Each structure stands twice: as C-alpha cells, then as structure tokens.
Amino acid sequence: MPDIQPGSASSTRWAKLLDHTRCIGCHACSTACKSENEVPLGVHRTYVKQVDVGTFPHARRAFQVTRCNQCEQPPCVDACPTAAMHKRPDGIVDFDKSICIGCKACIASCPYDAIFINPYDGNAEKCNFCAHRIDQGMEPACVVVCPTNAIHVGDLSDPVDPVTRSVHRDPVTVRRPEKDTRPKVYYKGAHQATLDPLAAKRPEGGLFMWGEQGPVNSALSGHPDTPNSSAAAVLAWDIPHRAPWDARVSLYTWTKSLAAGIWLVAAMFVLFGALATDSSTWRWTVPVLSGVWLAATGGLLIWDLKRPERFWMIFAKPQWKSWLVRGAFIIAGFSAILGLHVLASLLQSNNMSRVLAWIGIPLAVMTAVYTAFLFAQAKARDLWQSPLLPPLLLVQAVLAGSAGLLPFVSDAEIAQGAGVSVVTVLRWTLAAACAAQLLLTVGEVTLTHSTAHAKLATHEMVQGRFRMFFWAGVILVGFGLFAPIAPVEYGALLGLLAFEHAYVQAGQSVPLA
Amino acid sequence: MNQGSKSKRLRSYPPKDRWNDWRELDSKSWPERVERRYSLIPTGCFNCESSCGLLAYIDKDTGLIRKFEGNPEHPGSRGRNCAKGPASKNQVEDPDRILFPLRRVGARGAGEWQRTTWDEALDEIAARIRKAIQEERRQEIMYHVGRPGEDGYTERVLAAWGIDGHNSHTNICSSGARAGYAFWMGYDRPSPDHANAKVIFLVSAHLESGHYFNPHAQRIIEAKQNGAKVIVLDVRLSNTATHADHWLSPYPGSEPAIHLAIARHLIHEKLYDREFVRQWWNWSEYLASEHPGETRDFETFERILAELYDGCTFDWASSESGVDAETLREVADIVASAGNQLSTHNWRSASSGVSHGWQVARTLFFLNALMGAIGVPGGTYPNSWNKFVAAPIHRPPHPDHWNELTWPQEFPLSFHELSFLLPHLVGEERGCIDTYFTRVYNPVWTNPDGFSWIDMLRDEKRIGCHVALTPTWNETAYFADFVLPMGLGNERHDIYSYETHDAQWIGFRQPVMRAYAEREGRKVSDTREVNPGEVWEENEFWIELSWRIDPDGSMGIRKWFESKKEPGTKLTVDEYYGWMFENSVPGLPERAASEGLTPLEFMRRYGAFEVERKVSTVYAETVQASELDDVAEGPHGRVYTRAEKPHGANIVPLPSPPGDAAGRRPVGIRVDGEVKRGFPTPSGKLEFWSPILAEWGWGEMAIPGYPRSHVHPDNLEPGQIPLIPTFRLPVQIHTRSANSKWLDEIAHTNPLWIHPREARALGDLRTGDLVRVETEIGHFVVRAWVTEGIRPGVVACSHHMGRWKLEGQDGQRQLMATVELTSEGSRMRLRRLQGAHPWRSSDPDTERVFWSDVGVHQNLTFPVHPDPISGMHCWHQAVRVTRAKPDDHYGDISVDLVKSKAVFEKWLGDCRSARSVSPDGTRRPYTLLRPLKPTPAAYRLPDRS
C-alpha cells in the first residue's frame, strides 16, 4: 500500500495542540470520531466538556476537548496486564483489542478517565490519535472536520513544526501534570474551570443545559458542593463516566483478605506454637478454607473481566509492571503453597508443614497487601494513594482471617503452652485487628487530605453516596472489639465487606475528566 | 543546522486523483492492517441551510456508505463540517425512517396507515391537481416548503402548473431581517465578509447557527485570530457570545436602541464616512420629501441627521437595553475603529423576536451605511453578489393570479408568505385547499399555534388532501393522507449556492449511491433504484407528477418537463443538470474539459465549482455606454434607459425597481456626474428614508428607528416577563436531526433558562425543578436550568426540542416522547405518556439510549404574532413563570383555541391593508422580492365589488 509510514520506524513524536482560543464547542470532533472509529452510543473517545464561568453579564462558556492525553509516561500502559495498551515509538499510546482481557486496570489508572470498555466487544478503547490514519499519512478525523482549525497534530521532534512552535512559544498547558504522566496533548487558551475536573459546580436536578446528566451512579465532572474554583463556574455539559470497578472488586478484596488471612493467622499460630502442626485445624481446616476463599477470589477476578475467556493471557503475555500480573503470580504462588500444604497434610509431614509456614507467610502477606499497589497504580484515584493502605490491608487480612477461622475451630482445641483455647487467642486477635482497623480508618478519614480529590473521595465515603456502607462497616467492626466476650465474628466480617465496598467505590467516585 | 521541517506532512484529504479507488486502513481491525477500498462521492449536507460539502465513503466491498467526511472542493465549507456532517450517516441508517409510500386508512390523524405504491399515489394526486386546474381552482393547490434544497426548482414546477401555490417557512424565520435589509438596499439578505473584517458585529449566534454556521464560523475565527474584534448581541450566553470581545445581553427588542446609540456616536463625533454617505444615500430624496423647506444640500442633511438621533444617547440606550452606558461607548468606539471593514450580520435572532423586529436589521445596517462598509472587503455584501443561480433548461412563465391565502391584503410589504397564519385564514373561510404538499416542513411542530394547525389538518373540508413529502415521521405527517418518503441529503439531487463569503460558487447535492453505481458502470435511470426501500427524490417526483397531470400535453404543462434532446420524452435529471452545467455556469465547461470530463461528470466527481472569487464593489461600477440609450434622469439622479438588459448568466432573483413614466427601465444612478450601477431600490441609492414605507402607509417608520416592541416593559402586564424561544442548539437542526443518534445523545432537551435572581424570587427554584410557563393562550410545564447565562428578568428556551408522537404511531423513538392529545371544547391538551427509551432494532445502539427527557414542545402555546410590516411571526412571548402546580406533569401543554384566535385578530388589527394604503391600486410594491413573483397584472387589487 502506498503512503504507509509505520510509526515504529521513525524518530517522530506525535503531539496534539487543542487551541481553545479557536474552539467553538460545536462537537464536530465528537461525531467525526464516532463515525471514524464506530464508537457506540453512550461512550466517547472524545467530547467537548463545557463550563459556564462568571456571573451575568460577564459570563462566558469555557470548552474543553476531552480525550486521551497521549502521555509520555502513560499509567494505562504500566497498568495493562497484557500490553494491549502500549506506547508506540512515535509516542502514540495505542491499544490492541486482540489481547485485551477487559480488566479495566487501564481505566482505573488513567488520570483523565479517557478510556472505556466498548460495550459490543468488551475491550478497552480510547483516542489513539487515529493511528490507522496517521500511519497512512492522513490527519486524524477530528483534525480534518474541525470548522475552526482548533485541533492540530504535529511532531514534537521537529523544532519548526507549527505544533512544536506553539507548544514552545505560546502559554500552553496540560491537564494534571502533577500525575507525572507528561501529556503530549497541549491545551492553548483553556480555562482552569474546565481543566480541573472539580473546578466547576455540578448542577442539580440531573440536568445539563441541553441534556440529561446520565446514570446517577456515574462519575460526573464538577464538584457536588464546593468547587475548586472560587470563580462562579457551573458545569454546563459533560458526559457520564462509569466507575471501572464495581461490587465484584469490593467483594474480591474481601474474599482475598479471608483467603490470605485465614492461612496467615494460622501459620503465625503454628510458628508461635499456638497451633499444633498435627492438629486437624492446621492440617485440613486452614488450607481448605483458605483454598475455597482463594478460589472465590480468582473466580471474582475472572468474572470481573470483560473478556473472561482471555484470563489466561495474564500468564501467557505478562506485562510485568502491571500489579494485576504481579498479583496474579503472587496468588498463583500462594495457591501453590496451599497445594503443598495439603500434600504435607496427606503425607502427615510436620516438618514440611513447618517449612511451608515459613515460606508461605511472606506469600500470604503479599497476597493480602499487593492490592494496595494495584490500587496505587490507579494514579489519579487519590484516596487509594495512601501509604496507610498496605498496613490496612494486612490488618484486614488478620481481621478476616481470625473471624473466618473462628467458626471452624473447636473450643476444645488448646493452644500449646498458653493454657487457653485457640478460640480465645483468635478472639483476642480479632479484637486487636478490629482496633487496628478502626485506628487506621480514623487516621485515613481525619488526617488533612493532601488533595481536593482525596478530600472529595473521603467525603463521598463518609458523608456522601457511600456513607451507609462506611458507617455499617465502622459500627460492625466496632462490635468486633468485643470479640473476647461475644460472638461478633460474623458481624465483623460483614462490617469489613461493607467498609471495603465504601472504600473501593468512593475511590472511584471523583471525576477525573 | 537544518531549519527545514522533517516531520511527515499529514494530508487532510485523499488526493483527488484517487477518489475513484481510495484505500484506507480499517479502524475497527486496528492494529491489524486491514485495507478497505472506497469510492469517494461528493454531495451536500442537508442538515442546515449552509449545505456544506460532504464526501461519502462508499465501501466497494459492501456497497454501503461507511462514513461522510468533508469535501475539500467545496468553496464554502472548505472540507470542514460541524457535528451534523458526520452524523448524516445516522440518518441513512435510522431504523425508524420511512421506506415506502403510505396512505391513510380511517380518519385523518387516527394513526392507521397502509402501504401504497408510487403509481397509485401519483395517479390520485395528479388527478386531483388536474381537476383543480381544469375547474379554475388553481389557488387551492399549495406547496409548503421548509428547507428548499434547490434554488427555484419547485417554484418552476408550480409556474409550469400555472399556480401561485408556493408557501415557505420564511415568516417564522427571517422576514424581519429580510425587510430590514431590503428597505435599505433592495437586496433582502446580507453577506458579511467576516474573513477580512476588523470588527465583526453579530446580532445572532453564527458560530453555532445556520445561515451559515460552519462557513461563517471558520471565517469569524480566522479574522479573530488576525486581530478582529467581535461584538455579539444575544440575550442568552451562546457559544458565539463566549468568543466575543464584548457580549451584550440587551433586554429583548432593545437592540435597535443600541444600534442607534452607536450611530449617534458616529454621527456626533463625525466618525462616519461622510463621502460615502454623501454619494450613496438617498438624502436628497429624503430632504425633498420630509423637509421641503430646507436647503437641499448635504450639510443640511448632516445637521438634520444629527438632530434626528440626538436623543439616542448611551444613557438612553442603556436605560432601554439594560447594558451599561460605558460598555456601549466602548463598543461604539470599536465600531468606529473598523473603518469600512465592519462586517455585521443579523439573521433570525432579535429581528425575528419582536414586533417591528425588522428595525433590528435596519438599524444594524445603518452602521454599515454610515461606515461605508457595504460591498467592500471586510464589510457586508448584498447576498445576491455572493450567490450564483444558474439558468435551468426550462423557464416557464410565472402565474397570472394571486393567492390570498399566502399573500393576504393586510400585509402588502411582507417578506414573504404569511405561512403561519394559514389555519386562521382558512378558518375565516378566505379559502380552502384541495391539495396541500408539505415538504421538509413540519408546521404542527415548528410553527406557533400548532393546535390550530392540527385543527385545520383534521378537517377534510378545509384541507382536501395532505401529501407529506418527508424522509422521516414528523408531527405534521401524522395528519396526512399520503406520506411519501423522500431522500435525505445524500439521496437526492439539488444545485445550490449560498453567500458564505465574498465569492460565487455552486454546490451539487447528489444521490451518492446513484453516482457510485454510474461510476461503477451501472446505468441508473431512477433514483429509487439505488435509494433504500422505495425512497425517492423530489426532482424526479415532480417531473413524473407533472406528466401525470398533463399526460397528453394538452394543458401546456408537460412541455416544461420534456427532454430538449428528444422532445416528447420525459426530462431526466441527467439532462436537466447536464444542460445547466453546460450552458449556464461560466467557466465550468472549460474547467471540466481541462480534466477530460463533461460538465456533469465534473460536478458528479467534485460536487462544487467556484464561479467567481472576490466580487467587486458592484454598486460603484460605471454603467457601460452600451446600456445607456435614450436615457432619462429623475429629480434625484435615478437614470433610466431604453437599452435592453444585457444577458447575465446569474439568474439570482433581484428586486425590480420601477421604471419611469415613459416605460424606460432603471439602469443606474448619477453620482458626481457619472452614471453608476447603484442599488436595486427605487432611488438607486441606499435608502436611509424608505420611499416604499412612506408611500405604503408607514411614513413614521421610513427611517431607521426604535419602535417599542410587543414585549417592551411598557407593554407587559404585571408579572409578565419575556420568553426567548428561538435559540438553536449547535448540534441540532429544527425538525430534521432527530434521526441522528450521535446528535441526540449530545443534546436532547430544552430546559427553561432562568437567572438565579428570578429563581430566588420563585422560592429558591433549583435546576431541574418543574415550572409552569403561561403564555397568552395556554401554558407548558418544563424543567428549570438556573444559569448566569441569561439576562435577569428574561427567560429562554431553545426551540429545538419537544418532539412527540401520538400513541401507537411510528416515529423517531430516540427523540420523540409518546403523548396523548385531547380536546375539550376549545381547549386542546398534550400530555406526555412516555419519554425516549431503549429499544431493539437493526442498530444495537438503540438499546443504549440512556436519556428519556426529550424536551417540551413550547411552540404549541404561542399564539400567532404577525408583524404588520414584515409579516414576521414575532416569536418572543410575554409569559408568567411560576412553580408547577400540584397536578402539573413534565411536558404538559394546554391551549385555548378561542384565545388563540383572539390574539390573531388583535394583531391583524394593527395591519395597514393594501386596500387602504396602496398608492397605486396594487397589492404590493412590484419591486419587492417575492418567491414565484406573479405577472404584474396579478398585482392589481381586485375590485371591491
């Protein structure tokens, strides 16, 4: 074919200039993109967000052409488990639907919320600069259609390219530079009221100036109460974004805490001598219980994929920076320990069992804790950027583990050397874990938030859309403090689940675009 | 160091030489490189009047339209489009479109339809028309068009039938602006040269509205980037206003006060172009007529001019408009800084809102006239200079009778048909209609007082047969006898030309599948062969219908629809356009030949042709001696000649100012000794004082002025505020884009814009709360959008929403609510049963419709407000806004038809009928533009007997 200039064989660095001194908010780019890329109804690769700024008679409407920022350091690429999302040598962040597993890690990680799952094929997609056109020497569809020439594509490696010149000479800006992504989509003349997703007030009544706001459970731009901008600014038009991770992910963190926690608590007991290696609890109850919960965890993970039949690609095409991959291998390693544990039990080998406890504890801890790193890979979900998250997850594992074991341990089982029953030790462990959980939660929600996003997410969790779950969690885990004197383990477990749901969903409730 | 660019040059468009076989990588298969082969066929967008160029990408393997991109060969749109261009694809694939001819069974409007054949429909309609013509009931045939696709085509069909049956949408759209411009310069439309302007002054929203959205937006932003200042007058915050250096939000109807204050500033500070005014205004005629006692020299006129507008101070304009005086002064200084590079534009907007709204355009053009910014680069041109209309193969004579239903005597100066009064005029038994065509027109929804339209359409005595020519269901088609599916923009032929900038060009809309088939070597003789279902196009329909009206040619109709090459056979669209492109477009045959193409092949391949770039300052041209024969000169320098009018290729309709008593025709105007072309006005000059207005009973309005409008605070009752119901949404187009899902998902409702101050007064009204808006004749219930983007004390609601379908009827489900229509005495009601909702269709996207709100049909609650001069429906309403009552539901509409009739009669009372004011016994000044202008004899008022 003539014209083909594959992006892989050049020193070109494609960049875009969105000139908002020219943009008239007409949405030609929005529909041209839909047409070129056959984008389904209700999802968008690009659209024009609109914010009314000011008070009469000095009000103005600010536009923002909103799309993938073609980051030099794209978090979506780091987060993608299969390298379906990838950066080409010419800087275009592209995607390969043939190896996408639909895990939504890229969506969670994008600080601009520019990625979505195509409802018809289950794969992630976004603006890819019309790479298929670029490689043929053609401008992207949005560039061609724009009535006022507000969208420009150029080569940053060429110092006299008009886009490069504008980027170097004009007061251009990028969205959310603090996310360390180094975007290659530059905005000229854009207003802070649009660039900052929380600058404008989100209107009431589910309404925009000429459209509905869309489903209530979506993340809409704008702040529901006190916007970041002290100027009068109201979100006039926007599209709804879906939270990538739904209740299945909340549930997965809980089942995983149970799986890792049950084994971890028991193994610690074994090492500290509170549980005999030849007890039926250690030999059978613990590995079976933990295995069941781990299987549930794996099941949830696969269920949450939009292309579940492709889950094997995590192992076959691992992209090692992805915590989804790392987590999968950690979980696989931990399952192997559980398998060996069962084998040791079958062989009735106490020594092997003891060695496994030593090897398995780090893997159980990693199984419990890796999710903190997975969540942290979601760069713009500020609630999840907390350094308290790894210890919190560990505490949750202990909480879940002790509560999860309790119903299966007989009162008659005496902890060696302690003179009390294993149940008593478990009850005190549960109470301690609940106390730690509450302490960390209090820290999490009361410490001054480093960003407006973290503050809004916390607000949504504690007082907003997810407060019912959050407070149910706090109260039920609070009852867990009475574990030594009352049977509160089921309540504590439910409380943990409620808390997890509030935390996972609130983390995704803040608009990023 | 190498300073040259090393980046790859990206192309915007496929090179023209590969349009026959363009190969492109498939976006869906990406990153796998799957090549698709396309044939690129140009056509014209039909989603607004700009008619921007489109290129259809037809997949050679599937034979389907893959997408529409811009046509770089189109001089107006230059390859770019707005959101509506690419979205044309949705309309082609719309699962709710009408594919077969339908005829009503059961009562009209009851919603039962039966598929029929084109033959049956054509025969039946032709028989009716033939009978009406034979029985001398020609005035009972009416063709009512919203968006004409082609200049003059259907007018010629009607002319061939010998009927004055053209009806248009003009008087709900642009009459105000047309009258304002015409009384100055004869031409009734402006063509602002934004690209070269220093100051752009818009009384409208042309970065988002038609006439001509995308072409103008390109050039406005281009000028702005070059340093031009932009001033926008609009009551609400538009996307256009947001780009203005000065956005002025005047109290609605006060725009002329602002213009006059600026004019006063220019006059008092002597900042205007005195030489231009001296040479080109009809001040001498004005002095002679209105100040006969004064010396007739320019200095005297200047003194009187200053006196006339002395009261129009910034403070006065400020008190009328609510815009502070200091801002007005700043704006006036900016206007003064423009020199003659002042491009101004008013279309629809304020001039279509209020009584005497035509003064908005007249006072705006006053500024151009003062600055000499007319017909010069960066100024405003008359549209006719920037528009090319090619002569067709046949030109039948115009009708010799007058249709009183469209041109009632009460409105001798109207621009044009009093279309929106039809139900009232028919209701007064001024006439009835035997066969009524509606075409890309939906009066039930678009016009004010839609319930009166329903009332009329239901009555078979008043409307004998209603034929709806439409690609999609609409509110009016539900009350038709025949619904005949006509093609979308890419399924029909049209030639068109619009004044998008300082040039003349033609565009060619064509059925792309037909052009594709022919390109691939298949012969197509009827567009139905390639269109979906049995969808047709009007051009072939009218030819066929005309043949069936006059099958043997005995009525003298058929000959206008016959081939010239083979007389006695049917004219084909290929011959029609082939002839036109060969014979009527200067330069086109040569250009085509240079590429080895026939002119028709050239137009089928490229879709557009630029006839002329940079039109000169026509008014200042010296009239050639060959045109001066036995000349005579009027008292104010008007020059008349007996020389024949030279043949011109461009047949764009022009005003026809009167000749002299001896039968000479006006040819020019003497200016400083030389005979110049001048303007097509009675005086030949720019008419600061309009002799037409003065002679036809409106002497007090003859100079630019500021009459207080029907929504002026003095004319409101306590508690009433003005409602602005006229603004467009950038991605929708009236009644035509509901079938476009990509546009509907962006814009699908029309809440009432209300300022926080008003909202507080209504007890802390919040966005989303229900309000009841009471007009003179009824009310509607709508949601509130509390915004700083509207003047306090005014509310606004876009007219683009509120589509509905009756229960059990087909319709465009993604943007039509299902409603229940009830009548009780004179009161008619609409209640919403269900909003939009997802549904299963051939397009999986219809299951993803996420909105239910499709807005409220406010126009139903508006009575008719015909302006006594322009005939414009004055859209703005005096309303009372309250919180919704307990029984109110969203979308409720209620109207009392008795009240609606009373308002009609009240406004009719303000008219000055030709019967009482005509100075010469005619119905209308013959010079004024009029579609399908009848013969002069038809202009004579009938005897009163």
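The numbers here are math on the coordinates, done by the rules we state, and not lab data. What you see is a predicted model; the values in this text were computed from it and never measured. Neighbour counts run over all protein chains shown; Cβ positions are idealised from the backbone, glycine included.
Using the average count of surrounding beta-carbon atoms within 10 Å as a protection proxy, the listed peptides B:708-720, B:162-174 rank, highest first, as B:162-174, B:708-720. Between the beta carbons of B:Glu847 and B:Arg115, assuming R0 = 45 Å, the FRET efficiency works out to 0.95 to the nearest 0.05. Take the Cβ atoms of B:Val898 and B:Asp629, set R0 to 60 Å, and the FRET efficiency comes out at 0.45. Just name one of B:Ser174, B:Leu122, B:Pro190: the one whose Cα is farthest towards the positive end of the charge dipole of the stretch B:122-239 (beta-carbon charges, Lys/Arg +1, Asp/Glu -1). Toward the positive end, the furthest listed residue is B:Pro190. Spatial offset of the stretch A:190-213 relative to the stretch B:29-90 amounts to 32 Å, using the alpha carbon center of each.
Computed extension length for A:Arg182-A:Ser230: 14.6 nm, one decimal, from 0.36 nm per residue of separation with the Cα-Cα distance subtracted. When the protein assembly as shown is described by a simple charge dipole with +1 on each Lys and Arg Cβ and -1 on each Asp and Glu Cβ, the residue from A:Ser290, B:Gly825, B:Gly871 located farthest towards its positive end is A:Ser290. Within the same chain, lysines fewer than 8 places from B:Lys676 are excluded, and of the rest, those with a Cα less than 30 Å from its Cα are B:Lys198, B:Lys270, B:Lys387, B:Lys614, B:Lys645, B:Lys685, B:Lys933.
Here the stretch A:16-69 is assigned +1 on the Cβ of each Lys and Arg and -1 on the Cβ of each Asp and Glu. Its dipole about the Cα centre then comes out at about 120 debye.
Summary of the geometry: the stretch A:63-87 and the stretch B:706-782, compared by the centres of their Cα atoms, lie 42 Å apart. When the protein assembly as shown is described by a simple charge dipole with +1 on each Lys and Arg Cβ and -1 on each Asp and Glu Cβ, the residue from B:Asn403, A:Val144, B:Asn239 located farthest towards its positive end is A:Val144. When each of the peptides A:150-161, B:467-478 is scored by the mean number of other C-beta atoms lying within 10 Å of its residues, the order from highest to lowest reads B:467-478, A:150-161. Remark: mean inter-chain Cβ contacts per residue of B:78-84 equal 6, using a 10 Å Cβ-Cβ cutoff to other protein chain atoms. Classify the stretch A:7-237: rounded, prolate or oblate, from the alpha-carbon gyration tensor (a ≥ b ≥ c, eigenvalue square roots; a/c under 1.5 rounded; otherwise prolate if a/b is larger than b/c)? Oblate. In this simple spin-label model, placing a label point 7 Å from the Cα along the Cα-to-Cβ direction at both A:Ile475 and A:Val160 gives a separation of 7.3 nm.
Taken along the Cα-to-beta-carbon direction at a fixed 7 Å, the label points for A:Ala247 and B:Ser616 span 7.9 nm. Shielding by partners for peptide A:35-47, expressed as the average number of C-beta atoms from other protein chains within 10 Å of each residue's C-beta, is 5.
Relative to the longest principal axis of the Cα atoms of chain A, the long axis of helix A:323-347 makes an angle of roughly 20 degrees.
Is the C-alpha gyration tensor of chain B telling us rounded, prolate or oblate? Criteria: a/c under 1.5 is rounded; beyond that, a/b larger than b/c is prolate, otherwise oblate. In terms of gyration-tensor shape, rounded. Note on A:Thr451 and A:Glu72: their simple-model spin labels are 1.9 nm apart, each label 7 Å out from Cα toward Cβ.
Charge dipole (Cα centre; +1 on Lys/Arg Cβ, -1 on Asp/Glu Cβ; no other charges) of the protein assembly as shown amounts to roughly 3300 debye. Short-range pairs are left out: with C-alpha atoms under 8 Å and at least six residues apart, the relative contact order of the stretch B:298-400 is 20 percent. Under a model in which nothing but the beta-carbon of Lys, Arg (+1) and Asp, Glu (-1) is charged, the stretch B:713-908 shows a dipole of about 60 debye around its Cα centre. Annotation: for a label point projected 7 angstrom from Cα along Cα→Cβ of A:Asn149, residues of the stretch B:212-248 with backbone N closer than 16 Å are B:215-228. Using alpha carbons only, the radius of gyration of the stretch B:713-908 set against its Kirkwood radius gives Rg/Rh = 0.98.
A Förster radius of 51 Å combined with the Cβ-Cβ distance from A:Ser349 to A:Leu388 puts the calculated FRET efficiency at roughly 0.80. Here the stretch B:625-694 and the stretch B:171-212 have alpha carbon centers that stand 25 Å from each other.
Computed extension length for B:Thr822-B:Glu717: 34.8 nm, one decimal, from 0.36 nm per residue of separation with the Cα-Cα distance subtracted. From the square roots a ≥ b ≥ c of the eigenvalues of the alpha-carbon gyration tensor of chain A, which class results: rounded (a/c under 1.5), prolate (a/b over b/c), or oblate? Prolate is the answer for chain A, as a/c is 1.5 or above and a/b outweighs b/c. Stretching the chain fully between B:Arg303 and B:Asn20 yields a gain of 95.2 nm (0.36 nm per residue, less the alpha carbon separation). Peptide B:783-792 has a mean of 6 when you count, residue by residue, the C-beta atoms of other protein chains within 10 Å of its C-beta.
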